[in-house]
Amino acid sequence: MAAEDLVERRSIDVVPDDERHGTAFSQFTLWLGANLQITAVVTGALAVVSGGDVVWSVVGLLLGNLLGGAVMALHSAQGPKLGLPQMIQSRAQFGVKGAVVPLLLVILMYVGFFASGSVLAGQATARLMHTDDTAGIVVFAVVTAVMAAVGYRIIHVLGRVASVICALAFVYLGIRLLDRVDLSALLGDAHFDLPMFLLAVSLSASWQLAFGPYVADYSRYLPRTTSGRSTFWWTLSGSAIGSQWSMTFGVLVAATAGEAFLTDQVGYVVGLGGAGLVASFLYFVIALGKLTINVLNTYGGFMSMVTSISGFRGQRTLSQRGRAVYIGLIMVAGTALALLGKDSFLTSFKDFLLFLLTFFTPWSAINLIDYYLISRERYDIPALSDPGGRYGAWRWDALTVYGIGILAQLPFLVTHFYTGPLVDPLGGADISWIVGLAVPAVLYWLLARRDTRHIPEETVYVLASPRER
């Protein structure tokens, strides 16, 4: 493949049929590789560190990965049908300009994920290079930005490589861990505690839901004839298996190491594996796993920024120079946050990111209800760039439901800086994500089904000629 064929030319514009390629299985390798990484391990460990036992933490994490993964996989299935990035399609629900409301928060969240991921990956990179953490973070950030700039094809290649290498590393680490763990004692200490169980479900469900605003970005080049069902199942299986594998490993690590792991996640995992060449390999694996997900975060943040600005500028395409500028902005902002918070691993900022999740679970609910139940997969794609078209500039019904969905979650939300009034009656459990999906889904369905005049009889892919209009 020539270098010019490797560098992506498309951004927010629809992918034409003659540029479509690949199979739905590519979604499995991408999302498996993206989830076999150390931050997912930390997420699983938090279920035990917070007070859960091994058995019910694993069960709760599995349930959350399946529920949240199903939601994100439903978004993934939209990609082959429309050939569009995920967030630009939400203009059909919120309006061409109104879609910027959830987009701004999504951009902020992905910059934050870039930052938190760069901290751990920077540590691993620094130990590979024998430099300090600051240099490691900067080098990792630059590599991430370059790969995101190359685009779609290199992202899927990275996913395939990471899925194999990281899977082999996790098998090895799992064997090493089981040599240290009295598994029968851990399994025999099961004690169901509803708040802790719901916490485990929320941790993994929130992990999966965070992929929602950009998951279709990586399925939009699949041929239009690709089955939505196969796209759904390959995406769900890759993401759920990868995250559950990592999180289960984290549960077992936390049950035996506890705070020792959370104090130095990278050091503990590498120490578990061994020294010398083995340690170097594991540092590389940690960096590779984080590179995969951070490239996704950078690419998704770039797409969201372009979608936000183009809604007001009427822009349909983007030059390579413009692409580099947007990705550079994501890299600089994320790296600055990583350097500011590297000594505390961005503990308070991670809380802020979890708080931001409440702002796009309602978006996810509205988008899915509209796509599958209201519009039934029929959209006027050229109108998504026209504020004067059938979708308008602002769709206040959807924006109102979105606002209600955010407010409905607040009584059930748990963070270090805010805890809702209905948390204590539930024993301290955070079920805000369930409320954030259910309430706007029902409200939007009740409102949107009353007026379907803006829905075309079938999907429109190209702008009609004046005579056809």
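Odds and ends about this structure:
- The Cα center of the range 196-211 and the Cα center of the range 278-293 differ in position by 24 Å.
- Euclidean distance of C-alpha centroids, the range 362-376 and the range 1-51, integer Å: 23 Å
- The range 250-270 versus the range 408-436: alpha-carbon centroid distance in Å: 28 Å
- Amide H contacts under 5 Å for residue 359: none, restricted to partners 5 or more places along the chain or on a different chain, H placed in the peptide plane at 1.01 Å from N.
- Distant-in-sequence amide H partners of residue 380 (H built 1.01 Å from N, under 5 Å): 460
- Taking 0.36 nm per residue of separation and subtracting the Cα-Cα distance, full extension of the segment from residue 372 to residue 461 would add 30.2 nm.
- Accessible area of residue 108 in the full protein assembly, 1.4 Å probe (Å², nearest 10): 70 Å²
- Put a plus charge on the Cβ of each Lys and Arg, a minus charge on the Cβ of each Asp and Glu, and nothing anywhere else: the dipole of the chain about its Cα centre is then about 1360 debye.
- Range of Cα positions in the range 84-129 per principal axis (Å), largest first: 48, 19, 10
- Rounded to whole Hz, the Karplus (6.51, -1.76, 1.60) HN-Hα couplings of the range 278-283, x for glycine and proline: 5, 4, 4, 4, 5, 4
- For the range 16-100, convex hull volume per residue from C-alpha positions, Å³: 144 Å³
- With contacts taken as Cα pairs under 8 Å and at least 6 residues apart, the chain reaches a relative contact order of 31 percent.
- The phi torsions of the range 48-65, fed into the Karplus equation with coefficients 6.51, -1.76 and 1.60 and a -60° offset, translate into couplings of 7, 4, 6, x, x, 8, 5, 4, 6, 5, 5, 5, x, 5, 5, 4, x, 5 Hz, rounded to whole numbers, with Gly and Pro shown as x.
- Size of electric dipole in the range 1-113: Cβ of Lys, Arg +1 and of Asp, Glu -1, about Cα centre, debye, nearest 20: 380 debye
- Projecting the Cα atoms of 50, 88, 25 onto the charge dipole of the range 1-94 (Cβ charges, centred on the Cα centre) puts 50 farthest toward the positive pole.
- Here r is the Cβ-Cβ distance between residue 418 and residue 264 and R0 is 45 Å; the resulting FRET efficiency, rounded to 0.05, is 0.95.
- The 1.4 Å probe gives accessible areas that order 39, 134, largest first, as 134, 39.
- Most to least accessible of 196, 87 (protein chains only, probe 1.4 Å): 196, 87
- The residues 31, 234, sorted by heavy-atom accessible surface at 1.4 Å with ligands and nucleic acids left out, run 234, 31 from largest to smallest.
- Here the Debye sum runs over all C-alpha atoms of the chain as equal scatterers in vacuum, and log10 of I(q)/I(0) at q = 0.10, 0.11 Å⁻¹ comes out as -0.70, -0.85.
- For residue 50, distant residues with modelled amide H under 5 Å away: none
- Per-residue ellipticity at 222 nm computed for the chain from its helices equals -22000 deg cm²/dmol, with DSSP H segments shorter than 4 residues left out and the rest contributing -39,500 (n - 2.57).
- For the range 23-132: relative contact order, % (alpha-carbon pairs under 8 angstrom, 6 or more apart): 15 percent
- Cα centre as origin, Lys/Arg/Asp/Glu Cβ charges: the range 367-469 dipole, Debye: 320 debye
- Loop trypsin sites (Lys or Arg not before Pro), the range 352-414 (other Cβ atoms within 10 Å of the site Cβ: 13 or fewer; DSSP): 376
- Whole-Hz Karplus values for the range 174-181 come out as x, 5, 5, 5, 5, 5, 9, 9 Hz, taken residue by residue from phi with 6.51 cos²θ - 1.76 cosθ + 1.60 and θ = phi - 60°; glycine and proline positions read x.
- Loop chymotrypsin sites (Phe, Trp or Tyr not before Pro), the range 356-465 (other Cβ atoms within 10 Å of the site Cβ: 15 or fewer; DSSP): 417, 418, 461
The values are calculated or read from the model by the stated rules, or taken from the named source; none is laboratory data. Since we're looking at a predicted model, the values are computed, not measured. Please note: Cβ atoms are built from the backbone with ideal geometry, for glycine as well, and neighbour counts cover all protein chains shown. The accessibility values were calculated without ligands, DNA or RNA, using every heavy atom of the protein model including side chains. Shrake-Rupley method; radii C 1.70, N 1.55, O 1.52, S 1.80 Å.
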